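The values are calculated or read from the model by the stated rules, or taken from the named source; none is laboratory data. These numbers come from a predicted model, not from an experiment. A quick note on method: Cβ atoms are made from the backbone with ideal geometry, for glycine too, and the neighbour counts reach across all protein chains shown. Heavy atoms of the whole protein, side chains included, go into the accessibility calculation; ligands, DNA and RNA do not. Shrake-Rupley method; radii C 1.70, N 1.55, O 1.52, S 1.80 Å.
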Amino acid sequence: MKLRTFTITIVILAAIALALALGLALGRKQGGAQVEQSLGPLVDLAFPKPPDEIKNFSGTIKRIYGANIDLEIVDPDDYLPRTDGTPHIKEIRLASISSATQIMLVDYTKPDNRGNPTITSIELSDLKVGDTITVRSNENIRDAEKFDVTRVELVRY
C-alpha cells in the first residue's frame, strides 16, 4: 500500500513538473511574440531595415590581388545594435576593378578654399590591406559575393 501511494505521488509530482515546464515554455513563446508585435514597429523606426537594393558598401580591405579586392563588410542583415557587446557578423565580398573604375582619395585633412575635402584620382596600387574604403556599383550588390565596381573611395580624416 505504501509503495502504491509513493508511486502515485511520484507520478503526480512528475505531471505537475511537466505541466509547469510546458506552461513556462508556452508563456515565454507567447510573451516573446507579444513583445515583438508591440515593440517591433518602434525598433524598426529607430533602426530601419536595410533596403532590398544596395549599390555601395564600406568595409576594410583584406586582400588585393590583380584587379580584385577582398572587402570585409558587416552583413547587411545584421544591422541591429548588439547590447551584449558581441561583434557584428562580417562577410567577405569580392570587388572587381576595371579600367573604367574611378579610384578616388577624399581627403578631409586638406580642405579646399570652400572647406570641402580635396578629391583626387589615385591608382589601385595606392590602396593597401587595412584601408577602409567605400565601393560603388551600378548593380544591386546586397547579396552579391562578387561584383563590378564603378567607383572606389578612400577617405582620410
Hits in segment 101-114 (condition: in a loop (DSSP other than H, G, I, E, B) and under 24 Å from Ala144 (Cα atoms)): Thr101
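Quick one: in segment 123-157, of everything that is acidic (Asp, Glu) and farther than 12 Å from Gln102 by Cβ, which residue is nearest to the chain's Cα centre (by Cα)? Give the derivation first.
Step one: filter segment 123-157 for residues acidic (Asp, Glu), giving 123, 126, 131, 139, 143, 145, 148, 153.
Filter once more, so that each one left must be farther than 12 Å from Gln102 by Cβ: 126, 131, 139, 143, 145, 148.
Details: Asp126: 28, Asp131: 19, Glu139: 20, Asp143: 12, Glu145: 14, Asp148: 21 Å.
Looking at the filtered set, the residue picked out is Asp143.
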Lone unmet requirement of (1) modelled with pLDDT of 95 or more; (2) within 15 Å of Gly59 (Cβ to Cβ); (3) of a type outside the set (S, T, N, Q) for Met104: (2)
Scan of segment 123-140 for residues that are within 16 Å of Ile64 (Cβ to Cβ) and loosely packed, with under 15 Cβ neighbours inside 10 Å, ordered by number: Glu123, Leu124, Ser125, Asp126, Lys128, Val129, Gly130, Thr132
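Quick one: in segment 7-55, of everything that is basic (Lys, Arg) and under 21 Å from Pro76 (Cβ atoms), which residue is least open to solvent (accessible area, probe 1.4 Å)?
Start the filter on segment 7-55 by keeping residues that are basic (Lys, Arg), which leaves 28-29, 49, 55.
From the residues that got through so far, the ones that are under 21 Å from Pro76 (Cβ atoms) too are 49, 55.
Details: Lys49: 133, Lys55: 87 Å².
The extreme case among them is Lys55.
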Ile69 in contact (Cβ under 8 Å) with a residue 40 or more places away in the chain, farther than 28 Å from Leu39 by Cβ and of a type in the set (Val, Ile, Thr): yes
Selection count, segment 56-72, where residues are touching a strand residue (DSSP E or B) at 6+ places or on another chain (Cβ under 6 Å) and either under 17 Å from Thr150 (Cβ atoms) or open to solvent by 70 Å² or more (accessible area, probe 1.4 Å) (or both): 9
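Give me a count of the residues in segment 66-100 that are outside any loop (DSSP other than H, G, I, E, B) and either modelled with pLDDT under 95 or closer than 19 Å to Arg142 by Cβ (or both).
Going through segment 66-100, the residues outside any loop (DSSP other than H, G, I, E, B) turn out to be 68-74, 90-96.
With the extra rule that they be either modelled with pLDDT under 95 or closer than 19 Å to Arg142 by Cβ (or both), the set shrinks to 69-74, 90-96.
The number of residues fulfilling the criteria is 13.
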Pairs, first surrounded by 15 or more Cβ atoms within 10 Å (Cβ to Cβ) in segment 89-105, second assigned to a loop (DSSP other than H, G, I, E, B), C-beta under 6 Å, six or more apart: Glu91/Asp75; Ala95/Val149; Ile97/Ala67; Ile97/Val149; Thr101/Val149; Ile103/Ile122; Leu105/Ile122
